[in-house]
Amino acid sequence: MTDITPPHNDIVEKIEELNGYSNARANEYRIIVDQLDMLYKDIDSGKFGDAAKTGTWYLSIKKIKDDNPKPSNPETLQSELDALITLHHSDD
C-alpha cells in the first residue's frame, strides 16, 4: 500500500484561489429543471434582447457570477501554482 501525502496548504490555497469561483458557482446554481422553468417564464413574458437582462433567470445567474467572480489573473495564479508544486516536489 502506498502512502499518499496530502499537498501542502499553500498548494491547496492556490488551487482554491484559481478554481474556487467555479465550485462556488456550481454550488449556487439551481438545478437545471428550475433554470429551464425560469427561462420558459421569461420567454413567455416576452423577455428577449436587452429585456432578457431583466428576467429572473438572467438576474439569478448574474448574481451568482457577480458574487463569485473569475480571478482576473488566472495565468499568473497557474504559474504560481506550478512553482509551488515544483518547489514542494523537489523536496521528495
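The values are calculated or read from the model by the stated rules, or taken from the named source; none is laboratory data. None of these values were measured; they are calculated from a predicted model. Glycine gets a Cβ as well: all are built from the backbone with ideal geometry, and neighbour counts include every protein chain shown. Just the protein is used for accessible areas: all its heavy atoms, side chains included, with ligands, DNA and RNA removed. Shrake-Rupley method; radii C 1.70, N 1.55, O 1.52, S 1.80 Å.
Odds and ends about this structure:
- Restricting region 2-19 to residues that are without any contact (Cβ under 8 Å) to a residue 24 or more places away in the chain and open to solvent by less than 80 Å² (accessible area, probe 1.4 Å), the residue that is farthest from residue 61 (Cα to Cα): 12
- Going through (1) at positive phi; (2) touching a helix residue (DSSP H, G or I) at 6+ places or on another chain (Cβ under 6 Å) one by one, residue 49 falls short only on (2).
- Given (1) surrounded by 15 or more Cβ atoms within 10 Å (Cβ to Cβ); (2) within 30 Å of residue 9 (Cα to Cα); (3) of a type outside the set (D, E, K, R), index of the condition residue 39 fails: (2)
- One residue from 44, 3, 34, 10 being of a type in the set (D, E, K, R) and in contact with a His (Cβ under 9 Å, 6 or more places away or on another chain): 10
- Consider region 70-87 and keep the residues that are among the charged types (D, E, K, R) and assigned to a helix (DSSP H, G or I). The one that is farthest from residue 12 (Cα to Cα) is 75.
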